[in-house]
Amino acid sequence: MYDVFKVLNWLRVKNYKDMQSNDPNVEELTQMKAMKLLYYIQAASLSMTGHRMFDSDIVAWKYGPAIAEVHNVYKRCRGIVNSDNPIDAQAQADYDELQHNKQVLDILEGVYTAYGPMSAYDLMRQTHREDPWRNTKQSQIISDSAIKDFFDGSLEDEKASSVDVNTLQRLFDENKDVMDWLKDK
């Protein structure tokens, strides 16, 4: 299990690298979008490995799942990959470390590829339709079991010892349109 900021740094560096490309559709990672991506990363990890990816609890806030520690660090920031929040040596080191763990990287890349193109608003709307957020009182912790049970679906009897692309695709089956890239792997 990692510190949430190590996982967040992976997202920040990945977004920074994407922003260096010539793709005009790439936008700076916002705090709100990062919260939703972290939620889906935790969901994928819980469902596929049975373990948390990071140590922080996810809370049901008004605008969807959130992590208080992340909010506290970036509370005055909309974007979190800019001159006010530059990619420093620690962020790069965290990114490099996670890049070398295949199981972790499969989850991070899968979630980033599936949900990264979505806007923060669309991710918020999506999480508002999902049971873990809907069935948790506002400002309360969304339990790991609620997340895992919701995303497990047909995987209940499959305790994957390693993450594979097919498992990730089944995990997010309701979002087939954004998971099409997995079919080619």
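Readers should treat all values here as calculations from the given coordinates under stated rules, not as data from a laboratory. No experiment lies behind these values; they were computed from the predicted model shown. As a convention, Cβ positions derive from the backbone with ideal geometry for all residues, glycine included, and neighbour counts pool all protein chains shown.
What is region 12-121 by shape, rounded, prolate or oblate, if you read a ≥ b ≥ c off the alpha carbon gyration tensor as root eigenvalues and call it rounded for a/c under 1.5, prolate for a/b larger than b/c, and oblate otherwise? The shape class here is rounded. Contact order for region 1-155, expressed relative to its length and based on alpha carbon pairs under 8 Å spaced 6+ residues apart, stands at 35 percent. Once a ≥ b ≥ c are taken as the square roots of the eigenvalues of the Cα gyration tensor of region 62-120, is the result rounded (a/c under 1.5), prolate (a/b larger than b/c) or oblate (a/b not larger than b/c)? Cα axes put region 62-120 in the oblate bin. Going by the alpha-carbon gyration tensor, a ≥ b ≥ c the square roots of its eigenvalues, is region 34-93 rounded (a/c under 1.5) or, if a/c is not under 1.5, prolate (a/b greater than b/c) versus oblate? Oblate, because a/c is 1.5 or more while a/b does not exceed b/c.
Each Lys or Arg adds one and each Asp or Glu takes one away; over the other residues whose Cβ falls under 12 Å from the Cβ of Arg12, this sums to 0. Across region 23-60, the residues whose backbone nitrogen lies under 14 Å from the label position 7 Å along the beta-carbon direction of Tyr121 are 33.
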